[in-house]
1. In square nanometres and to one decimal, what's the mean projected area of the convex hull around the Cα atoms of the range 67-175?
2. For the pairs LYS33/LYS58; LYS42/LYS137; LYS73/LYS109, note any where the Cα-Cα span goes beyond 23 Å.
3. I'd like to compare 106-116, 138-148, 28-38: which one has the highest average count of other Cβ atoms within 10 Å, and what's the full order after that?
4. Through the Karplus equation 6.51 cos²θ - 1.76 cosθ + 1.60, θ set to phi - 60°, convert the phi angles of the range 87-100 into ³J(HN,Hα) values in whole Hz; use x for Gly and Pro.
Amino acid sequence: MAEKKPKEIKKQTNQEPQKSVHGMYHYIKQAWKKPDSKVLMKRMEEWREGPAQVNVEKPLRLDRARALGYKDKKGFVVIRVRVKRGGHKRPRPVKGRRGKRMHTRKNLKMSYKWIAEQRVANKYTNLEILNSYEIGKDGINYFYEVICVDPQRPEIKNDPTINWICKGTNKDRSLRGLTSSAKKSRGLRDKSPTNKNRPSRRAGQKPNPPSGRRYILHR
């Protein structure tokens, strides 16, 4: 019979378990959850005095910009936009109407972020809108940073992670409602088969054509 080896007694150490170490972007994200109000107010004072659209060298929220596809290379442009708050109410009719039409309705189909992206697309026609994010707001304005890409740059064409935006099918993305904020306003975040907003609201409201099943059953 082979002799049994005595069990080794593990020595107990007082070492604490290693704590998880976060990167730089984690701490930037945590700092933006509760930004310094005094610093932000001073920045917004300068933004209000300047033009509505400004080309900035570096994004203010680096963590958010990198999460949305920004890269620090040639071909990427960041533009700060100022958008007036309000203006979503349709005016009340001046001339005679029946009572049902005399109330003031709200037009909330487009978010402020989508409006900011479209204004940048109309001014910088050689750039394509990639994404955008909010950097501040006051009682009068919203402030956004819009990430744009120049599809004609060779650095963009040779990058396999972003060269999809060079295709003709992605031209004027914000004006056609293909950006992330536009799809949210259009109700396309819900991917359930019962969502009537796909492929668009107008298409979901159209009845079946005369050759369809509904027409055959009820004619």
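1. So the Cα hull casts an average projection of 9.4 nm².
2. LYS73/LYS109
3. So the order, starting with the most tightly packed, is 138-148, 106-116, 28-38.
4. Couplings: x, 8, 8, 6, x, 6, x, 8, 7, x, 9, 6, x, 5 Hz.
Computed from the coordinates by the stated procedures, all read-outs in this text should not be read as laboratory data. Quantities reported herein were computed from a predicted structural model and do not represent experimental measurements. FYI the Cβ positions are ideal-geometry reconstructions off the backbone, even for glycines, and counts take in every protein chain you see.
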